[in-house]
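The values are calculated or read from the model by the stated rules, or taken from the named source; none is laboratory data. All values reported here derive from a predicted model rather than from experimental measurement. For neighbour counting, all protein chains shown are included, and Cβ atoms are generated from backbone atoms with ideal geometry for every residue, glycine included.
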Amino acid sequence: MSIKIHEVKDNKRDYMGLLFLADEQEDMIDKYLDKGTMYVLEDDGIKGECVVTDEGDGVLEIKNIATVPEAHGKGYGRQLIDFISREYRGSFSTLQVGTGDSPLTIPFYEKCGFVRHHVIKDFFLENYDHPIFEEGVQLIDMIYLRKDLQVSLETERLILRRWNEDDAEDLFRYASDPDVGPIAGWHVHKNIEESLDVIKNVFNGKEAYAVCLKEDGKAIGAIELKLNGHTDMTERDDECELGYWLGKPFWGQGIMPEAAMEILRHAFEDLGMNKVWVGYYEGNTKSKRVQEKCGFKYQWRTENVDVPLMNEKRTGYVSLMTKEDWIKTDYED
Ligand SMILES: CC(C)(COP(=O)(O)OP(=O)(O)OC[C@H]1O[C@@H](n2cnc3c(N)ncnc32)[C@H](O)[C@@H]1OP(=O)(O)O)[C@@H](O)C(=O)NCCC(=O)NCCS
């Protein structure tokens, strides 16, 4: 059976045994259990749980995380943290956790990418009705650690970061060019308001990035991994579809292959993907070339595929990169 992480909405108290591993006092658990969102990890039985709450200002807090003692050190804790990080990347900027200054927990969070942020003095003395010891150390202060959820990816010349509303003008500049959108399957933008709407409602996918030059940080194109549920190329969580476009003034400089290679690395190394699919419509030789340069392998051609945003049909070409191919790929200049 493969590992599954799913939300638990009802009967959260069925998991009290696990919750107590991370928090010894029931009335403390009661403070966050109902308002919190709870996930459990299953791998041939329940192996772990995690409860998160919205703390405002873009901060999501892990209130409780525990894996079953027999399965410690098997990567389940990290998988829960990675899942939460991916799931909430679009809606929160920071993941926070508070813990005692314990050798059992701080190294785990640091391994998972958290750094110490602030301390609440005497928290355990003031909020718990009995002294708490871990590995012979009495917990006194609450140590808060934080992890940035707004991942940006970096290449030699580029930053790939999340879109924000301030990018509307730059987006409009390039997306209003009739040579950019239609060949990729979308209409030219008619005004800045339309570009702003696209930023808010289209470029809001979990793995949607603005392609920016390092020198000024301005958006010059878009790149996205469309995850299961947002692509018709796969129905698997370990597969996704790559999509991209670049503003015309930047064509011919190897920028999109550079961005695509980094997002492929991210897909295979950070997101655990096993396949990345990509397509182009007949006549789009520049896009075809990007795919070849990155090492995608041509799979099939389909006539009369719907181009939904343009309300027309075209011939589509589909290529694939598997994780094994990616490991073997040498970037061809
Ligand atoms: C803390 C806890 C959730 C970690 O879960 P886990 O499934 O053992 O963690 P993982 O196996 O995913 O470990 C991830 C990394 O952290 C490291 N790590 C975990 N616990 C560690 C420890 N006590 N000391 C040093 N490193 C530790 C692992 O070695 C691993 O590193 P690696 O990827 O380089 O091999 C688990 O130990 C637990 O349930 N503890 C009891 C409840 C608890 O204390 N919850 C936290 C309350 S604040």
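Residues that are of a type in the set (Phe, Trp, Tyr) and farther than 30 Å from residue 78 by Cβ number at least 2 in the following strands (runs of 3 or more DSSP E) confined to the stretch 252-324: 275-281, 297-307.
Looking at this structure, is residue 132 surrounded by 14 or more Cβ atoms within 10 Å (Cβ to Cβ) and among the β-branched types (Val, Ile, Thr)?
Numbers: surrounded by 14 or more Cβ atoms within 10 Å (Cβ to Cβ): yes; among the β-branched types (Val, Ile, Thr): yes.
So residue 132 fits the description; yes.
Any chance you could count how many residues in the stretch 92-106 are more than 8 Å from the ligand (Cβ to nearest atom), crowded, with 17+ Cβ neighbours inside 10 Å and in a loop (DSSP other than H, G, I, E, B)? Qualifying residue count for the region: 2.
Considering only residues that are surrounded by 19 or more Cβ atoms within 10 Å (Cβ to Cβ) and more than 12 Å from the ligand (Cβ to nearest atom), which ones fall in the stretch 7-25? Across the stretch 7-25, the qualifying residue is only 15.
Could you please give the count of residues in the stretch 107-123 that are away from the ligand (no atom under 14 Å from the Cβ) and of a type outside the set (Lys, Arg)? Reasoning before the result, please.
Narrowing the stretch 107-123 to residues away from the ligand (no atom under 14 Å from the Cβ): 115, 117-119, 121-122.
If we keep only those that are of a type outside the set (Lys, Arg) too, we end up with 115, 117-119, 122.
Final tally of qualifying residues: 5.
Restricting the first member to the stretch 68-91 and to residues that are within 7 Å of the ligand (Cβ to nearest atom), and the second to residues that are among the charged types (D, E, K, R), the beta-carbon pairs closer than 7 Å and six or more apart or on different chains are 71/47; 76/47.
Output yes when any residue across the stretch 26-47 is within 15 Å of the ligand (Cβ to nearest atom), closer than 27 Å to residue 204 by Cβ, modelled with pLDDT of 95 or more and of a type in the set (Gly, Ala, Ser), and no when none is. Yes, some residue in the stretch 26-47 is within 15 Å of the ligand (Cβ to nearest atom), closer than 27 Å to residue 204 by Cβ, modelled with pLDDT of 95 or more and of a type in the set (Gly, Ala, Ser). Among the numbered conditions (1) in a helix (DSSP H, G or I); (2) in contact with a strand residue (DSSP E or B) (Cβ under 6 Å, 6 or more places away or on another chain); (3) under 26 Å from residue 163 (Cβ atoms), the only one that residue 32 does not meet is (3).
Out of all the residues in the stretch 156-167, is one or more surrounded by fewer than 13 Cβ atoms within 10 Å (Cβ to Cβ), free of Cβ contacts under 8 Å to residues at least 12 places away in the same chain and over 22 Å from the mean Cα position of the chain (by Cα)? For the stretch 156-167, residues surrounded by fewer than 13 Cβ atoms within 10 Å (Cβ to Cβ), free of Cβ contacts under 8 Å to residues at least 12 places away in the same chain and over 22 Å from the mean Cα position of the chain (by Cα): absent.
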